[in-house]
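The structure appears right after this line, and notes come after that.
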Amino acid sequence: MDDPFTTEKYTAKSRQAISDKRLQGALADVQARLGPATQTMYSAQPEGAGIRQQAHEIRQRCIENLDILLEALADKVTGNGGQVFFANDAEEAVSCCLAVAKKHGVKTVVKGKSMVTEEVGLNQALEAEGVDVAETDLGEYIIQLAGEKPSHIIAPAIHKTREQVGQLFAEKLGIDYTADPAALTQAARAVLREKFLAADMGITGCNLACAQTGHITTVSNEGNIRMTSTLPRVHVAFMGMERVVATLKDHDILFRLLSSGAAAQKLGGYVSYVGGPGPEDYPDGPVAFHLIIIDNGRSRMLADPAFREMLCCIRCSACLNVCPVYGKIGGHAYGSPYSGPVGAVVTPLLAGLNRAQDLCFGETLCGACKQACPVDIDLPRMLRELRFRLAEGDETWSATPVSKPEKFAMDTFAWFTSHPAAYRAALFSASRMQALVYAKEGPIRQLPGPLAGWTRSRTLRKISSRPFRSQWKSRKQPS
Ligand code: SF4
């Protein structure tokens, strides 16, 4: 399979998005609607403006006690008749789900939107085993029909026009062409309703889980996740291992912030707490509940104090809705289900620092993401840290320096700046030599060879023939 993280792909997809006027309009629209509104929602919480910092502390405590909380959650779910499986990586998570599907003779699956199942490549694995998989979130359903990837965490089909969806539905569902959103929704509803009723298994993600009660929480605005988790006889839920919180009180704060950050809502439309299967003789609902808790690189983040904070993320997408880079290049350029600032940090940590190296260099470090984050995650700090590890190389992450000449240049510069006599001598020589190359008055407009990139969009002042200290000394001091 093609690597989605090459520099060529990142550049090409970014350029393509920037030149797509319609996409630019759609991105600007979602950012204008959701970006400022989330701040208003945070301030309107009863806890007041400090709620984001409070939520951050709650999440930090959860991450520090993750082993205990996960064990407590697993005990409660098992006690309620569910099955819990801890998956080290994507392969184990997928194999577990396939084994459950085999055991129950599953031929058809309905799915609620779940980023972690995108992360582990679940749909492809199920389809390869001959299982029919239907995404049931309308946006996810559209992109599944189109054979594409989500371009926003909560609005996966934001890159598509209603006309494109109309054409897609006419082609794939055999209906008459229409670009009317209500008619298109009805068409999808009619198809999906049949799939819900026929499905052998429902697969969902998990927005949060609570160790105190032993439940997982799912939320949607379309009701599709509730149908996915209640109509089929088998329910499998996938959960990133960081999603657990200790108490219902903590859960309440985070859950309100999740709804505010994701869609500037007080609460999502359909919220379900699932703690296990129903009784065998019960006419409705699943008789089997499996919770697959996924590591897939999260333990490595936990082990690194500089990146542990990333596990506080509740995948709300608020940072996407204020990011100037995401607002221009859209989600597909990031090559991963996680886009925007959260993707620029989490994707290299999951997929490999060098492999996804462009993402952290592409962000502006403007700080808007930190301010928008409902749990106050310092994404800019981690973007800088990733750049540092990529500049220096880092054995624990198997990262090699992205540019050896650049590292050599920086190390040399560092040596000169810590040896003042050598630094002054070097500047003196450089000021003399530059006069040979740049005889003209004024700034340097083009540097030679590999340095030319620096002056492609800016000029460079010439090195003064008199050092600053000497100029300062001879300045008349005000009397
Ligand atoms: S980093 Fe913060 S704003 Fe971005 S998805 Fe995670 S929780 Fe939401």
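The values are calculated or read from the model by the stated rules, or taken from the named source; none is laboratory data. Keep in mind that this is a model prediction, so the values were computed, not measured. We place every Cβ from the backbone using ideal geometry, glycine too, and count neighbours over all the protein chains shown.
Within segment 336-344, is even one residue in a loop (DSSP other than H, G, I, E, B), modelled with pLDDT under 95 and assigned by TED's automatic domain parsing to the domain that holds Asp252? Checked segment 336-344: no residue is in a loop (DSSP other than H, G, I, E, B), modelled with pLDDT under 95 and assigned by TED's automatic domain parsing to the domain that holds Asp252. Scan (1) more than 9 Å from the ligand (Cβ to nearest atom); (2) surrounded by fewer than 24 Cβ atoms within 10 Å (Cβ to Cβ); (3) in contact (Cβ under 8 Å) with a residue 40 or more places away in the chain for the single condition Val325 breaks and write down its number. Answer for Val325: the failing condition is (3). Figure legend. Inter-residue proximity from segment 466-479: first residues touching a residue at least 40 places away in the same chain (Cβ under 8 Å) and assigned to a loop (DSSP other than H, G, I, E, B), second residues surrounded by 10 or more Cβ atoms within 10 Å (Cβ to Cβ) and not hydrophobic (A, V, I, L, M, F, W, C), beta-carbon distance below 7 Å, spacing 6+ or different chains. Indicated pairs: Pro467/Arg424. Restricting attention to segment 151-204 and to residues that are in a loop (DSSP other than H, G, I, E, B), in contact (Cβ under 8 Å) with a residue 60 or more places away in the chain and of a type in the set (Gly, Ala, Ser), the residue that is farthest from Gly331 (Cα to Cα) turns out to be Ala199.
Count, please, the residues in segment 289-321 that happen to be among the charged types (D, E, K, R), near the ligand (Cβ under 8 Å from one of its atoms) and assigned to a helix (DSSP H, G or I). Final tally of qualifying residues: 0. Filtering Arg387, Arg355, Arg445 for residues that are away from the ligand (no atom under 16 Å from the Cβ), in contact with a helix residue (DSSP H, G or I) (Cβ under 8 Å, 6 or more places away or on another chain) and closer than 21 Å to Glu309 by Cα leaves a single hit, Arg387. Yes or no: segment 373-380 includes at least one residue that is in a loop (DSSP other than H, G, I, E, B), away from the ligand (no atom under 16 Å from the Cβ) and in contact with a helix residue (DSSP H, G or I) (Cβ under 8 Å, 6 or more places away or on another chain). For segment 373-380, residues in a loop (DSSP other than H, G, I, E, B), away from the ligand (no atom under 16 Å from the Cβ) and in contact with a helix residue (DSSP H, G or I) (Cβ under 8 Å, 6 or more places away or on another chain): absent. Of the set (1) out of contact with any helix residue (DSSP H, G or I) (no Cβ under 6 Å at 6 or more places or on another chain); (2) surrounded by fewer than 24 Cβ atoms within 10 Å (Cβ to Cβ), all apply to Gly331 but (2). I'm trying to understand the selection: among the residues of segment 216-246, which are within 15 Å of Leu291 (Cα to Cα) and in a strand (DSSP E or B)? Answer for segment 216-246, where residues must be within 15 Å of Leu291 (Cα to Cα) and in a strand (DSSP E or B): Ile216, Thr217, Thr218, Val234, His235, Val236, Ala237, Phe238, Met239, Gly240, Val244.
Looking across segment 406-450 at every residue that is at pLDDT 85 or above and under 34 Å from the mean Cα position of the chain (by Cα), the one that is surrounded by the most Cβ atoms within 10 Å (Cβ to Cβ) is identified as Lys407. Out of Gly48, Gly81, one residue alone is in contact with a Pro (Cβ under 9 Å, 6 or more places away or on another chain) and in a loop (DSSP other than H, G, I, E, B). It is Gly81.
Within segment 354-373, residues that are farther than 14 Å from Leu320 by Cβ sit with their Cβ atoms under 6 Å from residues that are among the aromatic types (Phe, Trp, Tyr), at 6+ positions apart or across chains, in these pairs: Arg355/Phe5; Ala356/Phe5; Asp358/Tyr10. Given the structure, is Gly453 in a helix (DSSP H, G or I) and either surrounded by fewer than 12 Cβ atoms within 10 Å (Cβ to Cβ) or modelled with pLDDT under 90 (or both)? So Gly453 passes the test.
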